[in-house]
Amino acid sequence: MTNRTQSLGLAALLLSVTLAGCKPAVSPAPPPAAQVTADRLVKAESEPSQWMTYNGSYSEQRFSRLKAINTDTIKSLGLAWFADYDTNLQQAGAPLFIDGVLYVSTAWSKVYAYDARSGKQLWQYDPKVPGEWAAKVCCGLVNRGLAAFEGKIYVGTLDGRLVALDAATGKEAWSTLTFDAAKKDDPLYRYSITMAPRVAKGKVIIGASGGEFSVRGWIAAFDASTGKEAWRFHTVPGNPADGFENEAMKKAATTWSGDWWKLGGGGTVWDAAVYDPSTNLLYFGTGNGTPWNQTYRDPKGGDNLYLASIIALNVDTGEYVWHYQTTPADTWDYDSVSPMMTADIEIDGQKRHVLIQPCKNGFYYVLDAASGKLLNATPFTTVNWAKGVDMKTGRPIVVPAARYEKSAFNLRPGVQGGHGWHANAYSPDTGLIYVATQDAAFPMVPDAKFTPSTVGYNLGLDFTAPATYYQKNPKEQGGFVGYLQAMDPATGKQLWRTKENQGPTGGALATAGGLVIQGAGSDSELRAYDAKSGQQLWSFATQTASLAPPISYELDGKQYVAVSVGGAVPGGYYAPNYSRLLVFALDGKVALPPVVAYTPPPLDPPASTASADVIAAGHEAYGKYCAACHGQNGQTRGSTFPNLMLTPLLKSQADFDQVVLKGVRSARGMASFAAVLKPEDSAAVREYVISIANEAKAKAPPPPPASAPKQAHE
Ligand code: CA
């Protein structure tokens, strides 16, 4: 049976169920939108025409069984249609395709529905996240995806709401604030949601980010039809004086010391969540500790359960079943939240049902899905913080100097990680797993003056360190490059790897057509590779960064590939990034509008006249409050925030203060920092940026003639 007849057969079956008991004279109502049932979700792999969940099916393998687009036909893959987004920010969201409609989430947690036949927008939903909430978001105002169930589309919002939308209209069906509303303005509750919700057994499951600030991590389940909370599992213990919620928290508390709960502890759940019908378990990963530097979180250096761990809960009750801590006593921002999947693979001659995670800490982990037993832990990129993993104890063999307790350490993988949120794919045909890997370094320089803050990051290390560290240590190497890497899923052994890309590459899709399709990050291409050999077979110039994972679906007998693009490209202050939904088909002939020529404005800072002390104070405040979005050295970081070295605001302290202290751009995401910066601090920050802009100007070749910078429009 072909995929098409299979889906027609299912449609006929659904129709007959719908019509059972109806009189034939009644004309059937149009089919309701997104009728994703529990049964369809469990059997998603038998409906390859659809893409009903973030990673395609409950196994989260991102494998499309469609094969019309294949290693032979890929040459004629072209753009069928595209839709512009109304944002100039990074796009990370994977679309859903359900019964002829594409649903996609974009920056600022907005949701769009498109008729997949015509490309016509059916509706859009804007949760109207307050702009100033951006200051509570660590790493870009992104949203990674949606869930669908019984006529509703679910999205988590940057300001911590879980929202159910009517799939037919985009109107809110319900909206639940996922944390205590009374504490919404408490600086210890700087939660945000960027992950795609998951639906399992009538519940919507979501966690929240915030581990760089000061929050206590959790994951929670909500009734899919009402939004009522069903259960919640905190990932780290709270204040022992308040008692513990469960035995798991009581046990975890024995691995902490000091007053960790005052800054929440961290352990946020912000990406991977996998429901496995065969074990009835929900697997998810937890993030770093708060502050990053363990010295300031737990001076005794305990394991700090359940930070940087993979946890399995009973999906019905939220009760703890097992955990595996990838990074005990985390002090490196080694979140263990990277995408995971379940798979049935052969290990040592035995078929095993396993859970797989290529982790941010650089190790590739395979665990028994039912018991959590560690079956494999192999480095997949350059790793210098541990010599390996002791397979008897499951613990990493940590290099003592890597803990940077006495002096700085040039960490690999750096805080960018060996692998990020970029989705993995697995092909049962090739038997390979495809992972966006990274080779990255970051100097861990302790912040000797650390004091917790209610605004900005709480890291306990100097986030502005790289430039000065590498100047002082010329033998040490920095760098941040990305690859698509094919690995043996049982051993983590590398089979092939693409050429080097600048920064991270995107989420992957594997197909029964023998392909892996993946964005090349800031290299601004979508590429298709031969899944067996890694040979590049096709590419498309996306005109902007391509990081979000593609999906594939079938409509009217034709296979499509859809992907969101948008993100920082080299260039500087608000280079246009052309955020769009791109939809490809064989013989697609649509062309994107030509790129508008863009030349970044020249570096033209005022003269640097401030004292070294003022510049040093500005450097410190910049690292604490500005670097999160604007980058360690005034350049934008991984997303599309302005390069401050180029801002005209440097020319006037009064104008600079309007933005930094008065919040005149808060609607666009630049909150006022008046709560933590006094006027003299704002002046020092400006003087610091002026000083580094002058340094950069002195080093830069003379710029070409400039055109006016294009205005941002998000
Ligand atoms: Ca983190």
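Counting each DSSP H run of 4 or more residues in the chain as -39500 (n - 2.57), what helix-only mean residue ellipticity at 222 nm follows after dividing by all residues, to the nearest 500 deg cm²/dmol?
Values: 8 runs with 84 residues, N = 714.
-3500 deg cm²/dmol, from helical runs alone.
Which whole number of Å³ per residue matches the convex hull of the alpha-carbon atoms in the stretch 612-699?
Details: hull volume 7.9 nm³, N = 88.
Residue-normalised Cα hull volume stands at 90 Å³.
Quick one: how many lysine pairs in the stretch 612-699 have C-alpha atoms under 21 angstrom apart, if they're 8 or more apart or on different chains? Before the final figure, lay out each step's value.
Working: 624/662; 624/678; 651/662; 651/678; 651/697; 651/699; 662/678.
Number of lysine pairs found: 7.
Hey, what do the phi angles of the stretch 515-523 turn into as Karplus ³J(HN,Hα) couplings, whole Hz, using 6.51/-1.76/1.60 and θ = phi - 60°, x for Gly and Pro?
10, 10, 10, 7, x, 9, x, 5, 6
Distance in nm between label sites at residue 652 and residue 232, each 7 Å beyond Cα in the beta-carbon direction?
Using points 7 Å along Cα→Cβ, the separation is 4.6 nm.
Highest mean first, what order results for 542-553, 646-657 on Cβ atoms within 10 Å?
Working: 542-553: 28.2, 646-657: 16.7.
Answer by packing, highest mean first, reads 542-553, 646-657.
Can you find, among 614, 679, 256, the residue farthest towards the positive end of the dipole of the chain? Put +1 on the C-beta of Lys and Arg, -1 on that of Asp and Glu.
Value computed over the given set: 614.
How far, in nm, would the chain grow between residue 118 and residue 467 when pulled straight, counting 0.36 nm per residue and subtracting the alpha carbon separation? Let's see the in-between values first.
Details: separation 349, 0.36 × 349 = 125.64 nm, distance 4.98 nm.
Here the answer is 120.7 nm.
Taking the DSSP beta bridges in the chain as the whole, what percent of them are antiparallel, to the nearest 5? Walk me through the numbers before you get to the answer.
Working: 130 of 134 bridges.
Roughly 95 percent of the beta bridges in the chain run antiparallel, per DSSP.
Quick one: length gained pulling residue 128 to residue 278 fully straight, 0.36 nm per residue minus the C-alpha distance?
Values: separation 150, 0.36 × 150 = 54.00 nm, distance 3.90 nm.
Extra length available between residue 128 and residue 278 comes to 50.1 nm.
Quote to one decimal, in nm, the extra length available between residue 259 and residue 371 on full extension: 0.36 nm per residue of separation minus the C-alpha distance between them. Let's see the in-between values first.
On the way: separation 112, 0.36 × 112 = 40.32 nm, distance 3.25 nm.
The residue 259-residue 371 span can extend by a further 37.1 nm.
Quick one: if the Förster radius is 41 Å, what FRET efficiency do residue 35 and residue 454 give, using the C-beta to C-beta distance and rounding to 0.05?
Values: r = 46 Å, r/R0 = 1.11.
That gives a FRET efficiency of 0.35.
What Kirkwood hydrodynamic radius do you get for the chain when you take the inverse of the mean 1/r over all pairs of distinct Cα atoms, in Å?
Values: mean 1/r = 0.0387 Å⁻¹.
One decimal place: 25.8 Å for the Kirkwood radius.
Give the calculated FRET efficiency between residue 536 and residue 390 to the nearest 0.05, with a Förster radius of 60 Å applied to their Cβ-Cβ distance.
On the way: r = 39 Å, r/R0 = 0.65.
The value I calculate is 0.95.
Roughly speaking, what is the centre-to-centre gap between the stretch 539-563 and the stretch 264-318 when only Cα atoms are used, to the nearest Å?
33 Å
How about residue 558: which lysines have a C-alpha closer than 24 Å to its C-alpha, ignoring those fewer than 8 places off in the same chain?
Within the straight-line limit of under 24 Å, residue 558 reaches these lysines: 43, 67, 75, 120, 589.
Can you compute 3J(HN,Hα) from phi for each residue in the stretch 355-369, using the Karplus curve 6.51 cos²θ - 1.76 cosθ + 1.60 with θ = phi - 60°, rounded to whole Hz and x for Gly and Pro?
3J(HN,Hα) across the stretch 355-369, in whole Hz: 10, 10, 9, x, 9, 4, 6, x, 9, 9, 10, 10, 10, 5, 5.
Name all residues of the stretch 46-64 having a backbone nitrogen under 17 Å from the label point set 7 Å from the Cα of residue 344 along its Cα→Cβ direction, giving them as ranges.
46-47, 57-63
Which whole-Hz couplings ³J(HN,Hα) result when phi for each residue of the stretch 186-192 is put into the Karplus expression 6.51 cos²θ - 1.76 cosθ + 1.60, θ = phi - 60°, listed in order with x for Gly and Pro?
6, x, 8, 10, 8, 8, 8
If each of residue 175 and residue 401 carries a label point 7 Å out from its Cα toward its Cβ, how far apart are those two points in nm?
Taking the simple label geometry, residue 175 and residue 401 are separated by 5.3 nm.
With r defined as the distance between the Cβ atoms of residue 612 and residue 244 and R0 fixed at 35 Å, what FRET efficiency is calculated, to the nearest 0.05? Could the numbers behind the result be given before it?
Values: r = 50 Å, r/R0 = 1.43.
The formula returns an efficiency of 0.10 here.
With only Lys, Arg, Asp and Glu charged, each at its Cβ (+1 for the first two, -1 for the last two), find how big the charge dipole of the chain is about the Cα centre; round to the nearest 20 debye. Each step should come with its number before you reach the end.
Details: 63 positive and 63 negative charges, 94 e Å.
Roughly 440 debye for the chain.
Rank-order 127-138, 499-510, 207-218, 407-418 by packing density, defined as the average count of other C-beta atoms within 10 Å over each peptide's residues, highest first. Present the calculation step by step, with values, prior to reporting the outcome.
On the way: 127-138: 19.0, 499-510: 23.8, 207-218: 27.2, 407-418: 21.7.
Ranked from most to least packed, the peptides come out as 207-218, 499-510, 407-418, 127-138.
We did not get these values from a lab; they are worked out from the coordinates using the rules stated. The structure presented is a predicted model; accordingly, all values stated were derived computationally and were not measured. A quick note on method: Cβ atoms are made from the backbone with ideal geometry, for glycine too, and the neighbour counts reach across all protein chains shown.
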